[in-house]
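S.K.: Quick one: structure below, then a few questions.
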Amino acid sequence: MTQLPEVPQVRPEPTDVALTGVRNFRDVGGLPTVDGRTVRYGRLYRSGHLAHATEADAAFLAGLGLHTIFDFRNAADHKLDGLDVELPGVRNVSIPLSDPADGAEFWRLVRDGNIQQLRSILADGKGTERMVASYRSIIKDRTAEHSRVLHALAEDSVPALMHCAAGKDRAGLSVAVSLLAVGVEKEAIEADYLKSNDAHRRYKVKRSDTSPVGMSDEVMELLNPLFGAHAEYLDAAFATIEEIWGSTDRYLLEGLKVSHETREKLRERLVEDA
């Protein structure tokens with residue numbers, strides 16, 4: 001009898017798993033690099049916070065073989081949503097990328113303000129301007145934090161999951177910086193970033209007034225710059241790198257103190273072999 005060739009078992013690529021209590025989860029594997037390679041699956045994940053993970057969610061995440069979870073939320077986020085569930089054998093690293101005191105009154109109005117107050121802080125492009133400024137600031141002022149993440153990934157922290165509250169802004173930028181470091185094309189980074197707009201991924205807006213008035217179409221439109229992923233935000237981050245350091249290579253070397261040797265270690269851990 002002719003023996004059929006053995007078919008290799010391929011692990012499903014968890015790029016679009018819908019978790020019950022965790023928003024915006026995905027594997028960033030498969031993204032193309034400028035030298036024609038791709039990011040490995042099963043090495044770098046991103047999501048919203050894990051505080052509301054169900055038992056099934058936690059079991060799935062535990063099965064990924066994670067080494068480290070990077071939580072970029074601050075103390076105010078922890079108070080609002082709670083601490084992450086703990087996964088056995090996984091290291092949790094807290095690296096806040098925003099100050100809880102920064103904009104505390106602004107975010108109080110986002111949660112509790114009436115329509116007039118929301119118009120005053122968000123209408124006429126003010127919401128978008130705030131987000132662009134935030135992205136620029138995280139690139140310019142959080143070099144030590146991003147350096148710490150990249151060095152950790154290069155040394156021992158893979159597979160890793162990066163998250164903030166929504167998995168869109170702070171985690172989005174940290175994922176983007178990590179992908180830039182291994183040579184992923186900016187267009188691919190942006191395409192992955194914009195997936196945070198998918199209906200099943202978006203962070204659920206928390207408002208004290210959940211009535212039809214408090215959650216009206218106008219309110220949602222005013223809040224969209226804050227809770228949506230917009231290409232101009234990431235473009236502003238990339239532009240900040242160019243304006244301050246002149247190039248991505250100089251940003252990584254001089255701004256984040258990531259040597260060529262460390263970048264090569266990152267590529268070995270995160271990118272498919274040539």
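The values are calculated or read from the model by the stated rules, or taken from the named source; none is laboratory data. Note that the structure is predicted; figures quoted are calculated from it, not measured. Cβ atoms come from the backbone with ideal geometry, glycine included; neighbour counts cover every protein chain shown.
S.K.: Taking the residues in region 52-111 that are among the polar types (S, T, N, Q) and modelled with pLDDT under 95 as candidates, determine which candidate is farthest from Val177 (Cα to Cα).
M.R.: Asn74
S.K.: Return only the number of the condition from (1) in contact with a helix residue (DSSP H, G or I) (Cβ under 9 Å, 6 or more places away or on another chain); (2) acidic (Asp, Glu); (3) within 16 Å of Leu122 (Cβ to Cβ) that Asp235 does not satisfy.
M.R.: (3)
S.K.: Out of everything in region 178-202 that is buried (at least 20 other Cβ atoms within 10 Å of the Cβ) and within 23 Å of Val85 (Cβ to Cβ), what residue ends up being modelled with the highest pLDDT?
M.R.: Here the residue is Ser196.
S.K.: Among the residues of region 258-271, write down those that are assigned to a loop (DSSP other than H, G, I, E, B) and surrounded by 15 or more Cβ atoms within 10 Å (Cβ to Cβ).
M.R.: Correct list: Val258 only.
S.K.: What is the one condition in (1) out of contact with any strand residue (DSSP E or B) (no Cβ under 8 Å at 6 or more places or on another chain); (2) at pLDDT below 90; (3) surrounded by 15 or more Cβ atoms within 10 Å (Cβ to Cβ); (4) not acidic (Asp, Glu) that Pro14 does not satisfy?
M.R.: Result: Pro14 fails condition (1) only.
S.K.: Quickly run through region 222-248 and pick out the residues that are in a loop (DSSP other than H, G, I, E, B) and either more than 22 Å from Arg46 (Cβ to Cβ) or hydroxyl-bearing (Ser, Thr, Tyr) (or both).
M.R.: Passing the criteria: Gly246, Ser247.
S.K.: Then there is this: Using the structure shown, decide if Val175 is out of contact with any Leu (no Cβ under 8 Å at 6 or more places or on another chain) and modelled with pLDDT of 95 or more.
M.R.: It is false that Val175 is out of contact with any Leu (no Cβ under 8 Å at 6 or more places or on another chain) and modelled with pLDDT of 95 or more.
S.K.: Additional query: Hey, among the residues in region 29-63 that are in contact (Cβ under 8 Å) with a residue 60 or more places away in the chain and touching a Pro at 6+ places or on another chain (Cβ under 9 Å), which one's farthest from Val17 (Cα to Cα)?
M.R.: Among those residues, the one meeting the criterion is Thr38.
S.K.: Continuing with this model, one more query. Would you call Val219 on the phi < 0 side of the Ramachandran plot and not in a helix (DSSP H, G or I)?
M.R.: Taking the combined requirement at face value, the residue does not satisfy it.
S.K.: Which of the numbered conditions does Pro88 fail, given that it passes all the others? Conditions: (1) under 30 Å from Val213 (Cα atoms); (2) surrounded by fewer than 15 Cβ atoms within 10 Å (Cβ to Cβ).
M.R.: (1)
S.K.: Is it the case that Arg73 is surrounded by fewer than 23 Cβ atoms within 10 Å (Cβ to Cβ), among the basic types (Lys, Arg) and closer than 25 Å to Asp156 by Cβ?
M.R.: Spelling it out, it is not the case that Arg73 is surrounded by fewer than 23 Cβ atoms within 10 Å (Cβ to Cβ), among the basic types (Lys, Arg) and closer than 25 Å to Asp156 by Cβ.
S.K.: On to the next question. Output the qualifying pairs, or none if there are none: Cβ atoms under 7 angstrom, residues six or more apart or on different chains, first residue in region 218-241 and touching a residue at least 60 places away in the same chain (Cβ under 8 Å), second residue surrounded by fewer than 20 Cβ atoms within 10 Å (Cβ to Cβ) and of a type in the set (Asp, Glu).
M.R.: Leu234/Glu190
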